[in-house]
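The values are calculated or read from the model by the stated rules, or taken from the named source; none is laboratory data. None of these values were measured; they are calculated from a predicted model. As a convention, Cβ positions derive from the backbone with ideal geometry for all residues, glycine included, and neighbour counts pool all protein chains shown.
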Amino acid sequence: MGLFLLWFFFGIGLIIQGIYLLMIFGRTAWFKSPSKSPSTQSPEEGVTVLVAAHNEFQNLKVLIPKLFEQDYPKFDVMIVNDRSTDRTKRLLEEMMAIYPKLRSVTIKYTPSHVTPKKFALTLGIKVAKNDVILLTDADCIPNSDQWIRKMTAPVRLEDKTFAIGYSGYQEKPSQLNRWIQFETILTALFYLSFGLWKDPFMGIGRNLCYRKSFFMGVKAFKGIWHLEGGDDDLFVNNYATGKNSTIVIDPQAATTSVPKETWKDYLVQKKRHLHVGKYYRGEDKRKIGLYSMSHALFWIGGIGLLIYFGIGLQWEHFLAVLGIILLRSVFVAGIFKSAAKTVQGKAPKMNPVLNDLFYLGYFWILGSVSYQSKDIQWK
C-alpha cells in the first residue's frame with residue numbers, strides 16, 4: 001500500500017506539473033510579441049505616472065530624473081509623500097523646480113479605517129491630471145525610455161481597463177538574491193501566463209496601468225480598505241477579466257526594483273504579499289494551490305521512491321525515478337531561463353533546480369504563517 005501511494009503521488013504530481021510547466025507557463029516562456037507596433041498616428045493621450053513614497057529620499061533621488069528621460073510627449077509625474085520623516089519633502093521641492101511636470105501631494109496622517117498605501121494611492125489618483133494612470137514604486141527604475149509608451153498602449157489605444165506588466169529585481173551575488181530572482185519569475189509565470197490565457201487574476205503595483213475614471217467609478221478600494229496590501233493584486237483580482245485586460249510582455253516595458261538585502265527584510269515583505277492571497281477568488285486560489293499541491297506530491301513521491309528502491313537495492317527502478325526527476329529539472333531550468341529572457345531580456349543567476357526544491361518549504365511554511373498572520377504592515 002505504501003509503495004502504491006508513493007507511485008500515485010509521484011504520478012499525479014508529474015502529470016499536473018507537466019500541464020503547468022508546458023501548457024500554462026510555456027505561454028510566457030515562449031511568448032512572441034506581435035509584429036505590429038502600437039499606432040502612433042492617433043494623438044498621444046496624457047499619462048500620469050504615480051508613486052506612493054514613504055521615507056524614500058534615496059530612491060526618489062534616482063527615480064525622478066529617470067522618469068523624465070521617458071520618450072513620451074505628454075506625461076507628468078505625481079509623487080505622494082506619505083508621512084515621510086526623512087528629506088523627501090525638501091527633495092521634491094528641489095526637483096519640482098527642475099522638472100515642471102513633477103507634482104507632489106503630502107499626507108500628514110492616515111484615517112484610522114484606511115490602510116496607509118491605499119489612502120496614499122487614492123489621494124494621488126484623485127488629484128492626478130490625466131485619466132491614464134501608470135503605477136510604480138519609488139525603488140523601481142524603468143528598463144527603457146519606452147516604458148510609458150508600451151505599458152499604457154493597451155489602455156490608451158485598445159480601450160482596455162488594465163495593462164499588467166512585469167517588474168524584476170536587480171541581480172546581486174547572494175543566495176538570497178538567487179532565490180528572489182527565482183520566486184519573482186515563478187510569480188510572473190503565474191499571473192502573466194493566466195493573463196495570456198484570458199484568465200487574469202493579479203498584477204503588481206510596480207508596473208500597472210489603468211484609468212482614473214474606472215478607479216473612481218468602482219469607488220477606489222471599496223471592500224479592501226482595511227487590508228494591508230492588495231492595492232495591486234486584489235484590485236486586479238476583483239475587476240480584471242479576459243476582455244478588459246492585456247498582459248504587456250516586453251523587456252522595454254518592464255521595471256527593475258531594488259531587492260531586499262537580508263532574509264529578515266525579505267520574509268517580512270513576502271509575508272505581506274502572501275497574506276493577501278487568502279482574499280483572492282476561490283478559483284484563483286486554486287490556480288496556485290493546484291500547482292503547489294502537485295509540486296509537493298511530485299517531490300514527496302519521488303524522494304520516497306528513491307529511498308524505497310535505494311534501500312531495496314532495486315537500481316533499475318531507482319534510476320527510472322531519478323531519470324524522471326532529472327528530466328523535469330531540465331524542463332524547469334529551461335522554462336525559467338526562457339521566461340526570464342522573455343520578460344526582462346536576460347536570465348539572471350537563480351539556481352532554478354535547487355530553488356524549485358526549496359519552494360516546498362517556502363510555500364507551505366511561510367504561506368501558512370502568512371495566511372494566519374494579523375500583524376501585517378506596509379511601512
- Item | Any chance residue 120 is more than 19 Å from residue 164 (Cβ to Cβ), touching a residue at least 40 places away in the same chain (Cβ under 8 Å) and part of a loop (DSSP other than H, G, I, E, B) | no
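Quick check: anything in the stretch 51-74 touching a residue at least 60 places away in the same chain (Cβ under 8 Å), assigned by TED's automatic domain parsing to the domain that holds residue 187 and among the small types (Gly, Ala, Ser)?
Keep residues of the stretch 51-74 that are touching a residue at least 60 places away in the same chain (Cβ under 8 Å), which gives 51-56, 59-60, 62-63, 66-67, 69-72.
The next check asks that each one be assigned by TED's automatic domain parsing to the domain that holds residue 187; those that pass are 51-56, 59-60, 62-63, 66-67, 69-72.
Okay, now just the ones that are also among the small types (Gly, Ala, Ser), so 52-53.
Yes, that holds for at least one residue.
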- Query: So, of the residues in the stretch 340-378 that are charged (D, E, K, R) and modelled with pLDDT of 75 or more, which turns out to be surrounded by the most Cβ atoms within 10 Å (Cβ to Cβ)?
  - Reply: 356
- Message: Would you confirm, using the coordinates I've provided, whether residue 31 is within 23 Å of residue 335 (Cα to Cα), at pLDDT below 95 and either in the same structural domain as residue 343 (by TED's automatic domain parsing) or not hydroxyl-bearing (Ser, Thr, Tyr) (or both)?
- Response: yes
- Restricting attention to the stretch 123-158, which residues are over 18 Å from residue 206 (Cβ atoms) and of a type in the set (Val, Ile, Thr)? 127
- Message: Can you find, within the stretch 192-205, the residue that is farthest from residue 280 (Cα to Cα) among those that are at pLDDT below 95 and under 12 Å from the mean Cα position of the chain (by Cα)?
- Response: 205
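Confirm whether residue 337 is assigned to a helix (DSSP H, G or I), at pLDDT below 90, surrounded by 14 or more Cβ atoms within 10 Å (Cβ to Cβ) and under 33 Å from the mean Cα position of the chain (by Cα). Outline the logic, then answer.
Details: assigned to a helix (DSSP H, G or I): yes; at pLDDT below 90: no; surrounded by 14 or more Cβ atoms within 10 Å (Cβ to Cβ): yes; under 33 Å from the mean Cα position of the chain (by Cα): yes.
Spelling it out, it is not the case that residue 337 is assigned to a helix (DSSP H, G or I), at pLDDT below 90, surrounded by 14 or more Cβ atoms within 10 Å (Cβ to Cβ) and under 33 Å from the mean Cα position of the chain (by Cα).
If only one of 111, 100 is part of a loop (DSSP other than H, G, I, E, B), free of Cβ contacts under 8 Å to residues at least 12 places away in the same chain and more than 30 Å from residue 227 (Cβ to Cβ), which one is it? Before the answer, list the steps.
Values: 111 fails: more than 30 Å from residue 227 (Cβ to Cβ).
Result of the check over 111, 100: 100.
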- Screening 32, 101, 74, 61 for residues that are surrounded by 14 or more Cβ atoms within 10 Å (Cβ to Cβ), under 24 Å from residue 152 (Cα atoms) and basic (Lys, Arg) leaves only 101
- Message: Given the criteria more than 19 Å from residue 237 (Cβ to Cβ), at pLDDT 95 or above, in contact with a strand residue (DSSP E or B) (Cβ under 7 Å, 6 or more places away or on another chain) and charged (D, E, K, R), does residue 131 qualify?
- Response: yes
- Note on the structure: Matching residues in the stretch 5-37 (basic (Lys, Arg) and assigned to a loop (DSSP other than H, G, I, E, B)) number 2
